[in-house]
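Take a look at the structure set out below.
The values are calculated or read from the model by the stated rules, or taken from the named source; none is laboratory data. All of these numbers come straight from a predicted model, not from anything done at the bench. All Cβ positions, glycine included, derive from the backbone under ideal geometry; neighbour counts span all protein chains shown. The protein model used for the area step is the full one, side chains on, heavy atoms only, and it has no ligands, DNA or RNA in it. Shrake-Rupley method; radii C 1.70, N 1.55, O 1.52, S 1.80 Å.
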Amino acid sequence: MSDTKTFLITGVSTGLGRALARAALAAGHRVVGTVRTPADARAFEALTGDAHARILDVTDHDAVDTAVEETERDLGPVDVLVANAGYGHDGLFEESSMDDLRRQFEVNVFGTVAVIKAVLPHMRERRCGHIIAVTSMGGLITMPGLSFYHGSKFAVEGILETLGKEVADFGIHVTAVEPGSFRTDWSGRSMIRAPRAIADYDELFEPLRARRVNGSGTQPGDPDKAAAAVLRIVAADQPPRRLLLGNDALRLVRAGRDAFERDMLAWAEVSASTDFDDVSRSD
């Protein structure tokens with residue numbers, strides 16, 4: 001069997017999506033990449049390799065279904081889906097609107113799910129495939145000022161973990177890729193920032209927002225190395241259910257899990273006290 005695969009990657013104009021598309025093309029794979037504009041489509045198809053652009057807004061679910069059906073019909077089976085399209089919302093919970101929350105979930109959650117749902121029936125029928133979604137270390141830990149973003153990524157994490165259990169018997173792998181801080185446009189042009197309004201939060205939030213703005217372009221993570229890591233899991237017989245990317249992600253997620261463990265153990269007696277008395281317990 002050939003090792004050459006067909007990738008469908010959403011959001012290949014910049015960032016991790018672009019880096020992964022370039023790496024997959026360089027490795028000899030076919031890549032169908034979604035973009036938002038004709039100019040981006042032309043630039044993508046000018047890359048060296050078997051590159052095919054699709055202009056797509058992942059919030060248009062009918063268009064998502066059409067793009068996947070056309071890809072399967074015209075280019076062959078999608079072996080690897082990478083649901084990468086998304087953006088960040090930087091804003092305090094109290095200062096961010098319900099419209100901000102809806103838009104964040106429309107793209108990061110519903111858009112991701114729509115692409116997966118369009119590809120999944122084909123993979124299930126073939127009894128093979130790899131579904132990858134780029135979430136974030138922010139789907140496992142939290143920081144002030146990113147509550148809506150964290151909410152969207154925590155949601156995707158839960159959906160992916162459950163999906164992986166549902167499709168495991170069909171030969172379909174599901175992986176959440178969780179980058180830390182990478183040198184992409186995430187905290188630059190791909191970030192929506194809610195306007196400030198409540199002075200009570202200034203001391204907490206202003207330094208955090210300044211660090212995110214000033215740190216854009218100097219993050220420790222290398223997108224090309226992230227792309228190489230994703231290609232490694234695609235080639236693996238048993239890929240991971242989760243893949244953290246970056247030393248900062250490893251450090252911060254470990255710290256978050258340790259804090260959860262401390263709370264769980266400290267309050268274990270209270271947790272265990274809520275069962276009926278006649279329920280047998282096993283430790």
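Checking Ala199, Ala236, Ala255, Ala266 one by one, the residue that is under 25 Å from Phe154 (Cα atoms) and either free of Cβ contacts under 8 Å to residues at least 40 places away in the same chain or surrounded by 15 or more Cβ atoms within 10 Å (Cβ to Cβ) (or both) is Ala266 and no other. Filtered by the rule that a residue be without any contact (Cβ under 8 Å) to a residue 24 or more places away in the chain and touching a His at 6+ places or on another chain (Cβ under 9 Å), the range 73-102 gives a lone residue, Asp74. Taken across the range 274-282, residues that are among the hydroxyl-bearing types (Ser, Thr, Tyr), closer than 30 Å to Leu81 by Cβ and either part of a loop (DSSP other than H, G, I, E, B) or open to solvent by 90 Å² or more (accessible area, probe 1.4 Å) (or both) do not occur at all. Remark: pairs (first residue in the range 27-38, on the phi > 0 side of the Ramachandran plot; second residue among the polar types (S, T, N, Q) and in a loop (DSSP other than H, G, I, E, B); Cβ separation under 8 Å; 6+ apart in sequence or on different chains) = Gly28/Thr4. Exactly one residue out of Ala83, Ala39 is modelled with pLDDT of 95 or more, crowded, with 20+ Cβ neighbours inside 10 Å and small (Gly, Ala, Ser): that is Ala83.
Check whether at least one residue in the range 68-78 is of a type in the set (Ser, Thr, Tyr), at pLDDT 95 or above and over 26 Å from Val213 (Cα atoms), and report yes or no. The answer is yes; a qualifying residue exists.
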